[in-house]
Amino acid sequence: MTSSTTTVDPAAGNTLRRDRPRLVDATVRVLLVAASLVSVATTVGIVVALVEPAIEFFGEINFTRFLTEKSWGPQFATPSYGIVPLLVATVEITLIALIIAIPLGLGSAIYLAEYASNRTRKVLKPILELLAGVPTVVYGFIALAALSPLLRDNVPGFAGLEFQNMLVAGVAMGIMIVPTIASISEDAMAAVPHSLREGAYALASSKMQVATRVVVPAAVSGIVAAIVLGISRAIGETMIVTIAGGLSSDHPEFNPLHGAATMTAYIAAIAQGDVPVGTVDYNSIFAVGVVLFALTFVLNAFSIRLVRKFREVYE
């Protein structure tokens, strides 16, 4: 009676089993690298698209006058190309938006992270984030058709509110960026170790003291990132400021009760096709785009530095 044995090479079997995870890892790595390259290529493409028309513009318009003059009117009888009015209107509307968004966003984040139960959080956070999915043209229309008449007719001191004005544009923009600040800040607060909270409670701290003196300082890097992301969204917003903020650039006092054109609103207005391609007026939108791009780039670089400086690493 003979017996036969089958030998299996364990090394070969292990190799076959390990090849599949390695193939999946390699595929994911390639996809991630490709996604990163697409992002970099998009940024480079934006810069390339802006540079040539901007150079043509500054070949005819003095760069110093562009940055310092306080009059913007490319299509006036006597053209003027000082970007200060557009820049100031952009900053003013953004500040109004932040006055609305930062308290509401941080308050929502603190409540969701520290006070709300798990069931309540699961219901409220998706509802809050639905605001981020509302088209910005809807915010602009509501601000123009509902909020502006409401303030003008019912609030003392707003009788001089223009039909299009920076105040309602800033308020609508602030409501728009609340979900961004609230969601990212809440995620940062949720990442704070519970041991810090437990240590504070052991020292007889109240829930408010734990939230404001322990959790918020520990999550400050994420909160800063959320606020800067909200600022970037506000600076780059187009539809709200175009619909509700107006396109006027002849208000030297920059009263928020008056309308004024931001950089994005001007770009949207000129890009509609009424200005011939290749003219100084047409190239001016690329010059404004360069300033907008540089402002956003500096803001994000500054935020990255702040995040790295205040980042807390927990084990």
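FYI, it's all coordinate maths here, none of it is from the lab. Everything numeric here is computed off the predicted structure, so don't read it as measured data. Note that each Cβ is placed from the backbone with ideal geometry, even for glycine, and that neighbours are counted across all protein chains shown.
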How far is helix 280-310 tilted, in degrees, relative to the longest principal axis of the Cα atoms in the chain, given as a value from 0 to 90 rounded to the nearest 10? 40 degrees
Please give the peptides 23-31, 114-122, 281-289, 140-148 ranked by average Cβ packing (other Cβ atoms within 10 Å per residue), highest first, as a rough proxy for protection. 281-289, 140-148, 114-122, 23-31
Computed over the chain, the relative contact order (Cα-Cα under 8 Å, seq sep at least six) in percent reads 23 percent
If you wrap a convex hull around the C-alpha atoms of the chain and split its volume per residue, what is the figure in Å³? 261 Å³
Just order 72-84, 156-168, 181-193 by mean Cβ neighbour count inside 10 Å, highest at the front, would you? 181-193, 156-168, 72-84
Can you check what the net charge comes to around residue 186, using other residues whose Cβ is under 11 Å from the Cβ of residue 186 (Lys, Arg +1; Asp, Glu -1)? -1
What does the charge count around residue 264 come to, taking other residues whose C-beta lies under 15 Å from its C-beta (Lys +1, Arg +1, Asp -1, Glu -1)? -1
Could you give the dipole magnitude of segment 27-161 about its Cα centre, charging the beta-carbon of Lys and Arg +1 and that of Asp and Glu -1, in debye to the nearest 20? 660 debye
Given charges at beta-carbon only (K, R positive; D, E negative), |dipole| of segment 65-310 in Debye: 1000 debye
Calculate the spin-label point distance for residue 64 paired with residue 277, positioning each point 7 Å from the Cα along the beta-carbon direction, and give it in nanometres. 3.5 nm
Expected vector for segment 199-208, Karplus 3J(HN,Hα) from phi with 6.51, -1.76, 1.60 and θ = phi - 60°, integer Hz, x for Gly and Pro, equals x, 5, 5, 5, 8, 6, 7, 7, 4, 5
In degrees, nearest ten, helix 166-190 long axis to first principal axis of the chain (Cα): 20 degrees
Using only the alpha-carbon atoms, what does segment 146-259 span along each of its principal axes? Please give whole angstrom values in decreasing order. 58, 31, 25
Counted neighbours (other Cβ, 10 Å), sorted fewest up, put 66, 254 in the order 254, 66
May I ask which residue of 40, 117, 83 lies farthest towards the positive end of the charge dipole of segment 12-145, with charges of +1 (Lys, Arg) and -1 (Asp, Glu) on Cβ and the Cα centre as origin? 117
Residues other than residue 115 with Cβ under 14 Å of its Cβ, Lys/Arg counted +1 and Asp/Glu -1, net out at +3
Calculated from DSSP H runs of 4 or more alone, at -39500 (n - 2.57) each and per residue, what is the 222 nm mean residue ellipticity of the chain, nearest 500? -22000 deg cm²/dmol
A correct Karplus calculation of ³J(HN,Hα) over segment 105-121, with 6.51 cos²θ - 1.76 cosθ + 1.60, θ = phi - 60°, whole Hz and x for Gly and Pro, returns x, 5, x, 5, 5, 5, 5, 5, 7, 10, 10, 6, 6, 4, 5, 5, 4
When the Kirkwood hydrodynamic radius is evaluated over all pairs of different C-alpha atoms of segment 26-127, what value in angstrom, to one decimal, is obtained? 18.9 Å
Report, by chain and number, residues whose modeled amide H sits under 5 Å from the one on residue 73, excluding near sequence neighbours (fewer than 5 apart, same chain). 80, 81, 82
